[in-house]
Amino acid sequence: MGRGKLKLFILCIMFVSVLFLVSCSDDTVLEWDESGSEESALDVEASESDGVEEELVVEIEEVVEEIDLSCSDSSECAWNEHCIESVCGTVATIYDTEGECETKCNFNEVEISTSDGEELTLSRGTGSYTSAGALEWKLLSSADYCLGDTATPVAIELIKKNTGEILEEEVIVLDLGERSEIITHPTISRVSFTLTVDDYVESCE
């Protein structure tokens, strides 16, 4: 083979080698790019998923905030709840019945005075009435509770009737020595009644 042909042959080999190297380099870059694209896509997908979860959490929180627990009658609440001070709930929420304390307490022999001039000493679960039974009231009992820093409030259920039919039921909560606001009736305008918790016996074990 002549020197010219040999040089040409060597140049061809070098050219092919360069093309091969360039091709390999491009493939590597492509593979890296594709790999990078996959990772980026996964990152984007994960980010979008996190965003959706956050939006759902926010929406759930907004729905919870929008739930209206206000009430004017116990019939608007769940079957095991009362309308307590215009909010649906259980009597247990008034007292710390699940707290950790050395002794738990309860009250009895509650002294109640009324605007009708009555002075009564009642046990939990008992009560009285006014306006010929149009308005009944009774002291609600609770599970034993941890004694708080202040005097224990008393929950009193008001039952408003007309010819024996219950029209409204609600619960008021009075502190020791507190007089209720004026209690009225939905259909009998002459009813104007108040209750005062004068005293009670609280025992702890």
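The values are calculated or read from the model by the stated rules, or taken from the named source; none is laboratory data. Values in this document were obtained by computation on a predicted structure and should not be read as measured data. Quick reminder, even Gly has a Cβ in these numbers, built from the backbone with ideal geometry, and neighbours come from all protein chains shown.
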Checklist entry - Does any residue of segment 166-185 turn out to be hydrophobic (A, V, I, L, M, F, W, C) and not in a strand (DSSP E or B)? => result yes
Next on the checklist: Suppose we filter segment 173-185 for residues that are surrounded by fewer than 13 Cβ atoms within 10 Å (Cβ to Cβ) and within 19 Å of Ser86 (Cα to Cα); how many remain?
Outcome noted: 3
Checklist outcome for this item: Leu167 vs (1) under 27 Å from Cys204 (Cβ atoms); (2) at pLDDT 95 or above; (3) surrounded by 14 or more Cβ atoms within 10 Å (Cβ to Cβ): all pass except (1)
Checklist outcome for this item: Of (1) of a type in the set (Gly, Ala, Ser); (2) out of contact with any strand residue (DSSP E or B) (no Cβ under 9 Å at 6 or more places or on another chain); (3) closer than 13 Å to Val197 by Cα, Ser115 satisfies every one except (2)
Next on the checklist: Residues that are over 32 Å from the mean Cα position of the chain (by Cα), among the polar types (S, T, N, Q) and assigned by TED's automatic domain parsing to the domain that holds Ile183, at least 2 per element: which strands (runs of 3 or more DSSP E) completely within segment 83-129 meet that?
Outcome noted: 105-114
Checklist entry - Does segment 142-160 include one or more residues that are within 24 Å of the chain's Cα centre (by Cα), within 22 Å of Glu76 (Cα to Cα) and in a loop (DSSP other than H, G, I, E, B)? => result yes
Item to check | Count of residues meeting criterion [of a type in the set (Asp, Glu) and more than 16 Å from Asp175 (Cα to Cα)] in segment 87-125 | outcome: 6
Checklist entry - In segment 192-205, which residue that is modelled with pLDDT of 95 or more and assigned to a loop (DSSP other than H, G, I, E, B) is nearest to Thr97 (Cα to Cα)? => result Thr194
Next on the checklist: exposed (fewer than 15 other Cβ atoms within 10 Å of the Cβ) and either closer than 17 Å to Asn108 by Cβ or among the β-branched types (Val, Ile, Thr) (or both): is that true of Glu205 in this structure?
Outcome noted: yes
Item to check | Count - residues of segment 132-141 that are part of a loop (DSSP other than H, G, I, E, B) and closer than 15 Å to Asn108 by Cβ | outcome: 2
